[in-house]
Each structure stands twice: as C-alpha cells, then as structure tokens.
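The values are calculated or read from the model by the stated rules, or taken from the named source; none is laboratory data. All values reported here derive from a predicted model rather than from experimental measurement. Neighbour counts run over all protein chains shown; Cβ positions are idealised from the backbone, glycine included.
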Amino acid sequence: MMKALFAVIVLCFAQWALAAPEEIQVYLDEFNAPREWSLDVHTNYVPTVQTGAMTADRKMLRVTPELSYGINKNWEVAGYWLTSKGPDQANNSVLSDGVKARVKWRPDSSVDVQKNGSPWYWAVNFEIGKVNPRFNADQRLGQVKFIGMYKSGNWTLGGNYNLDRALNAGSALGTTSELDTKLAYRMGGSAEKPMSLGLENYSYRGAISGPMTGSNQNRMTFLAADFELAKWEFNVGVGRAFGVIDDKIIFKAIVGVPF
C-alpha cells in the first residue's frame, strides 16, 4: 500500500517536472577521431508553458556545453555541464543544473562503414549523471542508448532507443524507454559538408514495468536543419510537444565549435 502511494506521489511530481530536456539530439554517426577534441553547445528555449487551458510566460533557456574526446577508433568519452536561466528561478540568474558523463562505443564495422561501402552504422552510448530535482525528481540517472543509422543517396534515417533508470535508491519509476528518430534529406553542399532538412521525433514511452507502466508518455516533433558555416556546425530546429509535458513550443540549436 505504501509503495503504491509513493508511486502516485512521484508520478504527480514527475508531471510537474516534465519539461524540455537539456539535450535534444538524435545520435547518428558523429564520432571523434583518435586524440581529437570537440565542443558542442546544446541550447533550447521555451517561450511559454501551457497547463491545460492556461498559458503563461516561461522564457526558459537551457545551455549545455559538451566536451568530447576520441580515445581511439572505437571509444569516445564526453562530459556535460547543465545550466539554465529563467524568470522563475533565482531572480533570472544562470543556475547550474548538474553534470553528466558519457562513453560511446562503435564496432569496427561502423568505423570502416564508408570504406566498406555499407549504408548501415551502429553504436552504443552509456551515460550517467546527477541533475537538479526541479528537472527530474530522480537526481542520479543512468542511460543506455542504442544508435542505428541508414544512408541511401541524399536520405539519412537514424534511430536511438534509450533505456533510462534512476541510480538512487528508493526510486518508484524504474526503467523508462524512449524512441528517437530522424529522417533528413540533403538539400545541397558536399558529402563532407552537407546541408540537410528533416524531421526529428522524440517519443518518451514511460516506465516499461511496474505500477507506472506507460504513464507520462509524451512526444516532441521538430523541423530541423543541419549545415556548416565557416567550420561552425549547426543543428537548428523548432518543435511542438504533445502529451504530458508543459513545454509546448520549443526552439533548439546545437552548435559545433571549431577547434
């Protein structure tokens, strides 16, 4: 009885905390060369929040630098620093929202995918972190992300299947799942510097077992463009959220900073 009651309390809190995540990205075949550093800055901005029929200003900006390093042809590591700025927190000042670290692995078949002429690519990403409870009631988190991609001509189809779980004791939510997909078409540019336009979909399926199975499902769909300018890489998009999530219209950008 007490466990079920605790689950309901966590569910209610989770509904309040559901918001646009700090990183809105479908992982494809990005991978640092051995001993290569890279810096990506993930940003998103939510102008308003909607709860039922009520709409109010939110003006929430989230900025997350990601510094990554290629260990060798099969392994890559990265660290994130989560920050946010909004009028409803600490007098609109920039706040630190936690840190995350990840390790990405790809097999030799994906390392040599272009050399072998294969249209398929796959990899696995492992992530752990500690975040501010106002964005997630379970502060210590772990994730396994399965990455797949298929390229044919100007078309790219990518998909990520994420399994997330709280690492702190006493969490009632258990393991949750999410399926992210991207379909993009190269409009111009070269193979090394393509300019593409496509759709990104982020479908959160909720807990995969237990009393909260299937609860809090939501989806975000973005129209996104990828391009490069003067060695700066950009992924920009505007999206709409559906389901149990208060942030409805979301603007996002990922900026790859040249070294």
*Go through region 139-174 residue by residue and tally those that are more than 20 Å from Glu200 (Cα to Cα), more than 17 Å from the chain's Cα centre (by Cα) and not hydrophobic (A, V, I, L, M, F, W, C).*
4
*Of all residues in region 115-159 being assigned to a strand (DSSP E or B) and charged (D, E, K, R), which is nearest to Ser84 (Cα to Cα)?*
Lys130
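I'd like to check something: does region 181-190 contain any residue that is over 27 Å from Leu95 (Cα atoms), in contact with a Lys or Arg (Cβ under 9 Å, 6 or more places away or on another chain) and not basic (Lys, Arg)?
no
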*Filter region 98-121 for residues that are out of contact with any Phe, Trp or Tyr (no Cβ under 6 Å at 6 or more places or on another chain), of a type in the set (D, E, K, R) and closer than 23 Å to Arg140 by Cα; which is surrounded by the most Cβ atoms within 10 Å (Cβ to Cβ)?*
Lys104
*Out of Asp88, Asp164, report the one residue that is touching a Lys or Arg at 6+ places or on another chain (Cβ under 8 Å) and over 25 Å from Ser196 (Cβ atoms).*
Asp88
*Just give me the residues in region 1-22 being crowded, with 19+ Cβ neighbours inside 10 Å and either touching a Phe, Trp or Tyr at 6+ places or on another chain (Cβ under 7 Å) or at pLDDT 95 or above (or both), in sequence order.*
Ala19
*Can you spot a residue in region 39-57 that is in a strand (DSSP E or B), among the charged types (D, E, K, R) and modelled with pLDDT under 90?*
yes
*Among the residues of region 58-103 satisfying the criterion of being modelled with pLDDT of 95 or more and more than 23 Å from the chain's Cα centre (by Cα), which is farthest from Trp37 (Cα to Cα)?*
Lys73
*asked:* I'd like to know if region 143-153 contains one or more residues that are out of contact with any Pro (no Cβ under 9 Å at 6 or more places or on another chain), polar (S, T, N, Q) and over 21 Å from Ala20 (Cβ atoms).
replied: no
*Which condition number does Glu36 fail, the rest of (1) touching a Ser or Thr at 6+ places or on another chain (Cβ under 8 Å); (2) modelled with pLDDT of 85 or more; (3) exposed (fewer than 14 other Cβ atoms within 10 Å of the Cβ) being met?*
(1)
_Of all residues in region 195-221 being at positive phi and not in a strand (DSSP E or B), the one that is modelled with the highest pLDDT_ = Asn216
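Take region 228-250 and flag every residue that is of a type in the set (Phe, Trp, Tyr) and out of contact with any Pro (no Cβ under 8 Å at 6 or more places or on another chain).
If the condition is that a residue be of a type in the set (Phe, Trp, Tyr) and out of contact with any Pro (no Cβ under 8 Å at 6 or more places or on another chain), then Phe234, Phe242 are the ones that fit.
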